[in-house]
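Peer 1: Just dropping this structure here.
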Amino acid sequence: MSSYDYDLLVIGSGPAGQRAAIQSAKLGKRTALVERKAVVGGMAINTGTIPSKTLREAVLYLSGYREREIYGESYKVKQKISMDDLLFRTEHVIRHEIDVVRSQLQRNGVEVLAAEAAFTDPHTLRLKFADGTGERAVSAANVVIATGTEATRDPALPFDGQNVFVCDDVLGLKRLPRTLAVIGGGVIGCEYASIFAALGVRVTLVDKLPRLLPFVDAEIVEALNYHLHESRMTLWLGETVSGVELMENGAGRHVKVQLASSKQIVAEKALYSIGRTGATGNLNLAAAGLMADERGRLKVDAQFRTPVPHIFAAGDVIGFPSLASTSMEQGRLAACHAFGIETNSVPALFPYGIYTIPEISYVGRNEEQLTQQNIPYEVGKANYREIARGQIIGDSIGMLKLLFHRETRELLGVHIIGESASELVHIGQAVLTYCGKIDYFINSVFNYPTLAECYKTAAFDGVNGLNG
Ligand SMILES: Cc1cc2nc3c(=O)[nH]c(=O)nc-3n(C[C@H](O)[C@H](O)[C@H](O)COP(=O)(O)OP(=O)(O)OC[C@H]3O[C@@H](n4cnc5c(N)ncnc54)[C@H](O)[C@@H]3O)c2cc1C
């Protein structure tokens with residue numbers, strides 16, 4: 001047994017930290033997990049992934065959004081939706097998820113320490129306990145830093161958590177606005193913009209790039225733009241924000257967002273969603289011989305090892321792709337590498353889910369990438385409205401698009417917009433992983449009526465395209 005207090009100490013209880021700690025404990029190692037917040041689960045469970053997806057679900061249900069195609073545009077489950085209505089569902093799910101994580105950590109024998117951790121030397125951390133019981137030094141043979149990120153805040157902006165807020169503040173909003181400015185059209189900005197718009201909030205979204213989500217297939221983004229406009233959202237793209245001011249007008253406190261082009265947005269609230277910064281500022285990294293980059297992130301090698309060999313980092317704190325899904329796997333692998341266990345690496349092919357309304361998901365390459373790479377490809381498409389299940393659920397806007405090699409017929413990419421896109425994509429992911437061909441979908445029988453049938457229809461469409 002080593003002279004350290006623990007074989008592995010994990011900092012942070014988000015997806016990366018949880019999986020690192022559980023993997024280490026499963027290997028029979030003395031493992032502790034330090035979390036500075038009063039509850040475990042990290043940003044993923046408490047303020048980010050789970051709350052935003054549950055809010056979305058609450059909005060879709062209460063606003064009657066999914067049923068409007070069938071029962072008419074004015075259909076609503078509840079006429080006046082309040083923040084309390086949305087929080088009812090969100091708090092229920094968060095409580096349950098926290099409990100699941102806590103029980104998994106307990107069952108596996110991980111010691112959870114409710115404290116903020118900072119290095120005093122490469123193997124020792126000072127823990128400042130959240131309950132005010134003071135400080136204690138602990139030592140560990142190996143450390144995994146899984147401290148995640150914090151929403152980036154421009155210091156010149158008047159953030160008050162209510163009128164000018166970041167996504168980490170959403171659950172603390174006292175009331176829903178009638179009008180909202182969203183500054184930043186990345187994944188989180190687009191998700192929240194479309195969630196608020198589905199509630200009937202008049203949303204104006206500004207981004208300095210000329211198009212939303214530049215890494216997503218252009219045709220899918222075009223379809224998203226169309227639906228955002230349909231939900232009465234204004235998109236000001238290619239515009240720079242030059243100032244944000246709080247102001248009182250006859251109707252109470254408002255926000256004025258000034259654009260460099262002289263345009264102005266006056267709205268009840270403004271959501272600032274311009275990236276996230278690694279939560280490394282309080283770790284005293286210098287004492288461990290480490291340094292973060294200008295965005296607070298840590299560099300690691302393929303084994304998630306920092307330049308100090310016994311210190312690993314995983315999850316959002318190491319940057320791209322900054323997803324809960326990939327963070328879990330990175331954390332697990334970091335713990336394996338700490339104890340010399342051979343593993344695979346995180347697969348290069350992973351799906352991306354964007355929970356806008358409508359939902360987007362993709363895996364593999366898009367048309368722009370294939371064009372740049374000079375790969376001869378063909379496209380096959382299926383619209384949900386052509387599929388019985390699409391009619392049954394009242395989704396007439398969904399679309400699934402397959403990209404495959406014209407000569408080898410190998411599947412190259414799957415791009416979906418519409419209901420359950422982030423679930424459907426996994427069929428394509430499996431075929432892509434095993435280098436399958438478009439013929440797989442043609443020769444398979446799918447449950448009827450399901451959205452999965454879109455794969456078959458899209459495959460026939462694509463193969464027809466080969467013959468002109
Ligand atoms: C609004 C929003 C929506 C998202 N939606 C999705 C989605 O749909 N799908 C998806 O895959 N991903 C989504 N993400 C991304 C996902 O939440 C992150 O990728 C994931 O949470 C990263 O996990 P992590 O373990 O690296 O860190 P986190 O979940 O950020 O957890 C880090 C933990 O470390 C703790 N900590 C920090 N410093 C210290 C310290 N010094 N001492 C002790 N504890 C410390 C923090 O308190 C925190 O609890 C979303 C993010 C946001 C913001």
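The values are calculated or read from the model by the stated rules, or taken from the named source; none is laboratory data. Bear in mind that the values here come from a model prediction, so they are computed numbers and not experimental data. Don't worry about glycine lacking a Cβ; one is built from the backbone with ideal geometry, like all the others, and counts go over all protein chains shown.
Peer 1: Out of the residues in the stretch 7-18 that are surrounded by 24 or more Cβ atoms within 10 Å (Cβ to Cβ) and not in a loop (DSSP other than H, G, I, E, B), which is farthest from the ligand (Cβ to nearest atom)? It would help to see each step written out before you state the result.
Peer 2: Taking the stretch 7-18 as the starting set, the residues that turn out to be surrounded by 24 or more Cβ atoms within 10 Å (Cβ to Cβ) are 8-18.
Narrowing the set further to residues that are not in a loop (DSSP other than H, G, I, E, B) leaves 8-11, 15-18.
Numbers: Leu8: 15, Leu9: 10, Val10: 9, Ile11: 5, Pro15: 4, Ala16: 3, Gly17: 5, Gln18: 7 Å.
In this case the residue turns out to be Leu8.
Peer 1: Is at least one residue of the stretch 423-433 buried (at least 24 other Cβ atoms within 10 Å of the Cβ) and in contact with a helix residue (DSSP H, G or I) (Cβ under 6 Å, 6 or more places away or on another chain)?
Peer 2: Checking the stretch 423-433: not a single residue is buried (at least 24 other Cβ atoms within 10 Å of the Cβ) and in contact with a helix residue (DSSP H, G or I) (Cβ under 6 Å, 6 or more places away or on another chain).
Peer 1: With Gly252, Gly186 as the choices, which residue is under 28 Å from Leu87 (Cβ atoms) and at pLDDT below 95?
Peer 2: Values: Gly186 fails: at pLDDT below 95.
Being under 28 Å from Leu87 (Cβ atoms) and at pLDDT below 95 holds for just one of Gly252, Gly186, which is Gly252.
Peer 1: Considering only the stretch 397-414, how many residues are in a strand (DSSP E or B) and within 15 Å of Phe441 (Cα to Cα)?
Peer 2: To start, the set of residues in the stretch 397-414 that are in a strand (DSSP E or B) comprises 399-405, 410-414.
In the following step, the residues that additionally are within 15 Å of Phe441 (Cα to Cα) were identified as 400-405, 410-414.
Of the residues in that region, 11 qualify.
Peer 1: Do any residues in the stretch 293-318 that are within 17 Å of Ala118 (Cβ to Cβ) have Cβ atoms under 8 Å from those of residues that are among the acidic types (Asp, Glu) and within 11 Å of the ligand (Cβ to nearest atom), where the two are at least six apart or on different chains, and which pairs are they?
Peer 2: Sorted first by the residue in the stretch 293-318, then by its partner, the list stays empty.
Peer 1: Could I ask something else about it? Evaluate the following for Thr47: is it touching a residue at least 40 places away in the same chain (Cβ under 8 Å), more than 11 Å from the ligand (Cβ to nearest atom) and surrounded by 21 or more Cβ atoms within 10 Å (Cβ to Cβ)?
Peer 2: Values: touching a residue at least 40 places away in the same chain (Cβ under 8 Å): yes; more than 11 Å from the ligand (Cβ to nearest atom): no; surrounded by 21 or more Cβ atoms within 10 Å (Cβ to Cβ): yes.
No, not satisfied.
Peer 1: State whether the residues of the stretch 267-282 include one that is more than 21 Å from the chain's Cα centre (by Cα), under 24 Å from Leu127 (Cα atoms) and part of a loop (DSSP other than H, G, I, E, B). Give the derivation first.
Peer 2: To start, the set of residues in the stretch 267-282 that are more than 21 Å from the chain's Cα centre (by Cα) comprises 267-269, 281-282.
Pick out the ones that are also under 24 Å from Leu127 (Cα atoms) and you get 281-282.
Okay, now just the ones that are also part of a loop (DSSP other than H, G, I, E, B), so 281-282.
Yes: the stretch 267-282 contains one or more residues that are more than 21 Å from the chain's Cα centre (by Cα), under 24 Å from Leu127 (Cα atoms) and part of a loop (DSSP other than H, G, I, E, B).
Peer 1: Considering each of Arg68, Arg107 in turn, give the residue that is out of contact with any helix residue (DSSP H, G or I) (no Cβ under 6 Å at 6 or more places or on another chain), basic (Lys, Arg) and under 21 Å from Ala20 (Cβ atoms). Spell out the reasoning first.
Peer 2: Details: Arg68 fails: under 21 Å from Ala20 (Cβ atoms).
So the residue among Arg68, Arg107 that is out of contact with any helix residue (DSSP H, G or I) (no Cβ under 6 Å at 6 or more places or on another chain), basic (Lys, Arg) and under 21 Å from Ala20 (Cβ atoms) is Arg107.
Peer 1: With the checklist (1) within 23 Å of Val216 (Cβ to Cβ); (2) within 14 Å of the ligand (Cβ to nearest atom) in hand, flag the one item Asn374 doesn't pass.
Peer 2: Looking at each condition in turn, Asn374 falls short on (2).
Rundown of residues vs (1) acidic (Asp, Glu); (2) within 16 Å of the ligand (Cβ to nearest atom); (3) part of a helix (DSSP H, G or I); (4) at negative phi, yes/no style:
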{"site": "Tyr4", "(1), (2), (3), (4)": "no, no, no, yes"}
{"site": "Ala20", "(1), (2), (3), (4)": "no, yes, yes, yes"}
{"site": "Lys37", "(1), (2), (3), (4)": "no, yes, no, yes"}
{"site": "Leu60", "(1), (2), (3), (4)": "no, yes, yes, yes"}
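Peer 1: Can I ask one more? Anything in the stretch 23-35 that is touching a Ser or Thr at 6+ places or on another chain (Cβ under 8 Å) and either more than 7 Å from the ligand (Cβ to nearest atom) or outside any strand (DSSP E or B) (or both)? List them, or say none.
Peer 2: Within the stretch 23-35, Ser24, Ala25, Thr31, Leu33 meet the criteria.
Peer 1: Then there's this: Here is a check on your reading of the model: is Thr343 surrounded by fewer than 15 Cβ atoms within 10 Å (Cβ to Cβ), of a type in the set (Ser, Thr, Tyr), under 25 Å from Ile22 (Cβ atoms) and more than 10 Å from the ligand (Cβ to nearest atom)? Before the answer, list the steps.
Peer 2: Working: surrounded by fewer than 15 Cβ atoms within 10 Å (Cβ to Cβ): yes; of a type in the set (Ser, Thr, Tyr): yes; under 25 Å from Ile22 (Cβ atoms): yes; more than 10 Å from the ligand (Cβ to nearest atom): yes.
It is true that Thr343 is surrounded by fewer than 15 Cβ atoms within 10 Å (Cβ to Cβ), of a type in the set (Ser, Thr, Tyr), under 25 Å from Ile22 (Cβ atoms) and more than 10 Å from the ligand (Cβ to nearest atom).
Peer 1: Being under 20 Å from Ile357 (Cα atoms), more than 16 Å from the ligand (Cβ to nearest atom) and either crowded, with 18+ Cβ neighbours inside 10 Å or hydroxyl-bearing (Ser, Thr, Tyr) (or both) narrows it down to one residue among Ser52, Ser74; which is it? Don't jump to the end; show me each part of the working.
Peer 2: Working: Ser52 fails: more than 16 Å from the ligand (Cβ to nearest atom).
The match here is Ser74.
Peer 1: Consider only pairs whose beta carbons are under 6 Å apart and that are at least six residues apart or on different chains; among these, list those whose first residue lies in the stretch 392-405 and is under 15 Å from Ile416 (Cβ atoms) and whose second residue is in a strand (DSSP E or B) and small (Gly, Ala, Ser).
Peer 2: Leu400/Ala382; Leu402/Gly380; Leu403/Gly413
Peer 1: Report whether or not Val216 is within 21 Å of Arg276 (Cα to Cα) and either more than 16 Å from the ligand (Cβ to nearest atom) or at pLDDT 95 or above (or both). Write out each step before concluding.
Peer 2: Numbers: within 21 Å of Arg276 (Cα to Cα): yes; either more than 16 Å from the ligand (Cβ to nearest atom) or at pLDDT 95 or above (or both): yes.
Taking the combined requirement at face value, the residue satisfies it.
Peer 1: What number of residues in the stretch 270-329 are surrounded by 18 or more Cβ atoms within 10 Å (Cβ to Cβ), of a type in the set (Asp, Glu) and more than 9 Å from the ligand (Cβ to nearest atom)?
Peer 2: Residues that pass the stated criteria total 1.
Peer 1: Let me spell it out: the conditions are (1) in contact (Cβ under 8 Å) with a residue 24 or more places away in the chain; (2) surrounded by fewer than 18 Cβ atoms within 10 Å (Cβ to Cβ); (3) under 26 Å from Ser194 (Cα atoms); (4) not hydrophobic (A, V, I, L, M, F, W, C), and Gln104 meets all of them except one. Which number is the exception?
Peer 2: Status for Gln104: all satisfied but (3).
Peer 1: Of the residues that make up the stretch 355-371, is at least one under 25 Å from Gly12 (Cα atoms), free of Cβ contacts under 8 Å to residues at least 24 places away in the same chain and more than 10 Å from the ligand (Cβ to nearest atom)?
Peer 2: no
Peer 1: Among the residues of the stretch 140-164, count how many are in a strand (DSSP E or B) and either among the β-branched types (Val, Ile, Thr) or more than 16 Å from the ligand (Cβ to nearest atom) (or both). Even if it seems obvious, please write down each step before you answer.
Peer 2: Here is the first cut: in the stretch 140-164, the residues in a strand (DSSP E or B) are 140-145, 149-151, 164.
Pick out the ones that are also either among the β-branched types (Val, Ile, Thr) or more than 16 Å from the ligand (Cβ to nearest atom) (or both) and you get 141-145, 149, 164.
Number of matching residues: 7.
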